[in-house]
Amino acid sequence: MSFSSWRGTVGLVRPTYRPGGMEELIKMLPDGVGVIPLFAEIERGTQDEFKEAINRYRVNVAKLAEIGVDVINPSGAPPFMVLGYEGEAALIKEWERDYKVPVFTSGTTHVDALRALQAQRFVGFSYFGGSINEIYAQYFRDAGLDPLDMVGLDVPFQKVQEYSSQLIYSWIREHMRKHPTAQAIYMLGPAWRTLDIVEPLERDCRVPVVHAIPSQCWDIQRHLGLRQPVPGFGRLLAEMVE
């Protein structure tokens, strides 16, 4: 299929039908970039559901390749992080071999963003409670990074977006005070409505923030060979850090 997007078309596989994150991403992307979304239909946000969802991601990746997008971004870090860093890499390699289209996940984006910012040591924040946060931390360790902590805000998966950005800001600031050697803040997931606190956190904590939506925009541009800085959402995207 031929598309009129003169700077390229990205195929997204979104984890949920939750609105917000995709709209924010599209507003950030440069003019001329097309977005075609499909959905993995995750509802509960549990570890077993993340594993089950990989087959739905696979079907959607195949469909996006069939219709002819330039690059495919199966988004949502947890479903791929629970595979482990090496397991995810093997799956990406398999999909690129089978479908002949470049593929990158939220996890690979976040690793690349931290490396581009030269942030070896960081504190991670998620909206998941319990032991799954250790799985996320191990993913980054296996990538050669040093998560000083992976802190989870234990909230119902379907209510994440209802928590105010001011509450999230205070929660992150509280934990960052415990880690004076951290070189970055990492915020896993696009469900929380927190774009407005990225720059305040960078100023007040004096470290860059890797947030799901700006880093996704940054990596889509990289994969399409573009370099259009977008101010207002943190250093990574404002400077298009390489």
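Throughout, read-outs are computed from the coordinates displayed, never taken from laboratory work. Note that this is a predicted model, so its numbers are computed, not measured. Backbone-built Cβ (ideal geometry, glycine too); neighbour counts: all protein chains shown.
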Step through the residues of region 17-24 one at a time and calculate ³J(HN,Hα) from phi using the Karplus curve (6.51 cos²θ - 1.76 cosθ + 1.60, θ = phi - 60°), rounding each to whole Hz and writing x for Gly and Pro.
8, 4, x, x, x, 5, 4, 5
Quick check on packing: order 124-135, 88-99 by the mean number of other C-beta atoms within 10 Å, highest mean leading.
124-135, 88-99
Taking amide H positions as placed in the peptide plane 1.01 Å from N, state which residues far from V210 in sequence (5 or more) or on other chains have amide H under 5 Å from it.
I185, Y186, M187
Mind counting lysine pairs for me in the chain? Cα separation below 26 Å, and the two need to be 8 or more apart along the chain or on different chains.
8
What is the distance in Å between the Cα centroid of region 188-242 and that of region 55-106?
22
To check my understanding: the extent here is largest minus smallest coordinate of the Cα atoms along each principal axis. What are those three numbers for region 164-242, in Å, largest first?
38, 26, 18
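If r is the Cβ-Cβ distance from Q158 to R121 and R0 is 41 Å, what FRET efficiency results, to the nearest 0.05?
0.80
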Compare the peptides 192-202, 151-161 by average per-residue count of other Cβ atoms within 10 angstrom and give them in order, highest first.
192-202, 151-161
If packing is taken as the average number of other Cβ atoms within 10 Å across a peptide's residues, how do 73-83, 15-25, 102-112 rank, most packed first?
73-83, 102-112, 15-25
